[in-house]
Amino acid sequence: MNAVFSLLNTASPLLLLTLGALSSEYGGRLAMFMECIINLSGFFCFAFTVWTGNIFLGLTLSVFVCTLLVFLMERLSSKFGANMFLVSLAMNLLFAAGTTFFSSVFFETRGVLTNPAFKFDAAGARIATSILCYGLSASLLFFLLCTRSGMILRITGSDTDVLEARGISSQKYKCASWLIAAVCGAVCGGSLAIRISSFVPGMSGGRGWTALAAVFLSRKNGALDQLRLRSLHWQNTLAQGFSSLAYLQEFSLPFPTLCPFC
C-alpha cells in the first residue's frame, strides 16, 4: 500500500504537466517551453514565499507571474506574425536564462537556494501538493471533456476553418491552450520546490520534455502513459539501492520501455 501511495505522489505533478502539454497540442501549438517554466516557477515560488512568509501566496504569485509572461509573449508573437513553434523554443531559453539571472540578482548565487521560511514537513508537503495536482488535473479533464469551451479547444488545432466559419475566434483558444499549459507547468514547478523545501537549478529534470514526448508519442493520450512512465521510473529508483548500475543508466530504462505503450 505504501508503494502505491508513493507512486501516486510521484506521478501527480507529471500528470498535471502532461495534461497541460495535451491542452497545448489540442490548440495546435505544442508548448515547448514546459521544461524551463518548471524551473522558473520553482524559483519564483521560493522567492515569493521567502519575501511574503506565506506559501499559498508565494505559489499563487509564482503561477501568476509565469502565466503572465507566457501571455505577453504569445500576444506579441501573434501580433507580429511570428512562428509560434520557434517562439515557444525561444521562451524555453528565456525562462532558463531568467531563472539564473534572477537567482544571481536577488540571492547572489546560481546554486541551491534554502531558507528557514521555505521549510516544510516532507510527508505533509507531498500529500498537499499531490491533492493540488490531482484536483487541478481532474478540473482540467472536466473542462476538456464536459464543457463547450473545452470541446472547442479540442478541435482548435485540427479544425480551425470550422471554428472560423462559425464565427469563433481560433486565436483566442490557441492563446488559451498556452495559458493552460503555463499554469500546469507553473504549479508543477512550485510543487516540486515545496516538496524538497528548496530551489535546485535544473529541478525539472527533463519532466517537461517527458510530458511533451508522452503526448506526441501516444497520439494525444499522454496522461495514462505518463502514469506508466512514472511507475517504471519509480521502480528503477528503488532498484538503485540494489544495483551496481550507474544512476543515469537506471534513469534511462523507463524511456525505451515506454515505447510499446505508445
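Are any of the residues in region 34-49 within 22 Å of SER177 (Cβ to Cβ), in contact with a Gly (Cβ under 8 Å, 6 or more places away or on another chain) and polar (S, T, N, Q)? Yes, the conditions are met somewhere in region 34-49. When each of LEU163, LEU113, LEU153 is tested for being within 26 Å of LEU30 (Cα to Cα) and within 22 Å of the chain's Cα centre (by Cα), the lone residue that passes is LEU153. When only residues in region 44-61 that are farther than 17 Å from ALA125 by Cα and touching a Phe, Trp or Tyr at 6+ places or on another chain (Cβ under 7 Å) count, which is most open to solvent (accessible area, probe 1.4 Å)? Checking each candidate, the answer is LEU61.
Listed residues ALA211, ALA193; which is touching a strand residue (DSSP E or B) at 6+ places or on another chain (Cβ under 7 Å), in a helix (DSSP H, G or I) and open to solvent by less than 30 Å² (accessible area, probe 1.4 Å)? Reasoning before the result, please.
Details: ALA211 fails: touching a strand residue (DSSP E or B) at 6+ places or on another chain (Cβ under 7 Å).
Sole residue among the options that is touching a strand residue (DSSP E or B) at 6+ places or on another chain (Cβ under 7 Å), in a helix (DSSP H, G or I) and open to solvent by less than 30 Å² (accessible area, probe 1.4 Å): ALA193.
In this structure, GLY20 does not qualify as open to solvent by 40 Å² or more (accessible area, probe 1.4 Å), over 26 Å from PHE120 (Cα atoms) and either under 10 Å from the mean Cα position of the chain (by Cα) or modelled with pLDDT under 90 (or both).
Filter region 1-17 for residues that are within 24 Å of SER198 (Cα to Cα) and small (Gly, Ala, Ser); which is surrounded by the most Cβ atoms within 10 Å (Cβ to Cβ)? That would be SER12.
So, in region 26-42, of the ones that are more than 14 Å from the chain's Cα centre (by Cα) and of a type outside the set (Gly, Ala, Ser), which residue ends up surrounded by the fewest Cβ atoms within 10 Å (Cβ to Cβ)?
Going through the qualifying residues, I end up with ARG29.
Of all residues in region 36-56, which are within 17 Å of THR129 (Cβ to Cβ) and out of contact with any helix residue (DSSP H, G or I) (no Cβ under 7 Å at 6 or more places or on another chain)? Passing the criteria: ASN54, PHE56. Tally the residues that are open to solvent by less than 20 Å² (accessible area, probe 1.4 Å) and free of Cβ contacts under 8 Å to residues at least 12 places away in the same chain, restricting the search to region 62-80. Number of matching residues: 1.
The values are calculated or read from the model by the stated rules, or taken from the named source; none is laboratory data. All of these numbers come straight from a predicted model, not from anything done at the bench. Cβ: placed from backbone, ideal geometry, glycine included. Neighbour counts: every protein chain shown. Accessible surface is based on the protein model in full, side chains and every heavy atom, while ligands, DNA and RNA are left aside. Shrake-Rupley method; radii C 1.70, N 1.55, O 1.52, S 1.80 Å.
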